[in-house]
Amino acid sequence: MTRHMWQSGVLLGGAGLDGRTVRITDTRAAAEFLLSGWGRERKDAYLRAVRACAQALKGQIPHAAAAATFVSAAVEARYEINVFDAFWDDFDAEISRAAQELIEADFPYWAYGDSIGEPGRA
C-alpha cells in the first residue's frame with residue numbers, strides 16, 4: 001500500500017477546473033494539485049496546505065494532517081468537495097474485482113437485470 005495514501009479521498013469540482021473533477025487520494029497528489037492545478041486564489045489555508053503536504057512527504061507530520069489542511073484549503077477556496085473512502089490497498093482491490101466477476105458470472109440478472117428479473121441490456 002502507498003504509505004502516503006489517505007483514508008478518505010477528495011473529489012474537487014467547480015470553477016477553475018475547466019469542467020473537470022479532480023480526484024485526490026494521497027499527499028503527493030494533493031501537493032501536485034496545489035502547486036500546478038490550483039485554479040483559485042492562494043490564501044492562508046492554501047499556504048498551510050502546501051506546507052503540510054511538504055512536511056508529511058518528509059515524514060515530519062502525519063499524512064492525515066496534510067489531508068485535513070488540504071480539505072480546509074479547498075473549503076476556503078470554495079471548491080465543490082465530495083469525500084470518499086480511499087483506503088484500499090492492492091489486495092482489497094483484487095478481492096473486489098474477483099467478487100464482481102463471480103457475481104456477474106453466477107448471477108447475470110443481478111449484475112445486469114432489472115427489478116423484475118429480466119435480462120438487462122449491457
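The set of residues in the stretch 35-64 being assigned to a loop (DSSP other than H, G, I, E, B), free of Cβ contacts under 8 Å to residues at least 12 places away in the same chain and of a type in the set (Gly, Ala, Ser) consists of Gly59 alone. Listed conditions (1) touching a residue at least 24 places away in the same chain (Cβ under 8 Å); (2) part of a strand (DSSP E or B) are all met by Arg23, apart from (1).
Got a sec? Which of Ala105, Ala74 is at pLDDT below 95 and under 30 Å from Gly14 (Cα atoms)?
Ala74
Taken residue by residue, the stretch 29-37 has at least one member that is over 15 Å from the mean Cα position of the chain (by Cα) and either closer than 11 Å to Ala74 by Cα or among the hydroxyl-bearing types (Ser, Thr, Tyr) (or both).
Tell me whether the stretch 4-11 contains one or more residues that are within 14 Å of Ala68 (Cα to Cα), of a type in the set (Val, Ile, Thr) and touching a Phe, Trp or Tyr at 6+ places or on another chain (Cβ under 9 Å). The answer is yes, given that some residue of the stretch 4-11 is within 14 Å of Ala68 (Cα to Cα), of a type in the set (Val, Ile, Thr) and touching a Phe, Trp or Tyr at 6+ places or on another chain (Cβ under 9 Å).
I need a count of the residues in the stretch 23-60 that are of a type in the set (Val, Ile, Thr) and surrounded by fewer than 18 Cβ atoms within 10 Å (Cβ to Cβ).
Within the stretch 23-60, residues that are of a type in the set (Val, Ile, Thr) and surrounded by fewer than 18 Cβ atoms within 10 Å (Cβ to Cβ) number 0.
The values are calculated or read from the model by the stated rules, or taken from the named source; none is laboratory data. Bear in mind that the values here come from a model prediction, so they are computed numbers and not experimental data. Quick reminder, even Gly has a Cβ in these numbers, built from the backbone with ideal geometry, and neighbours come from all protein chains shown.
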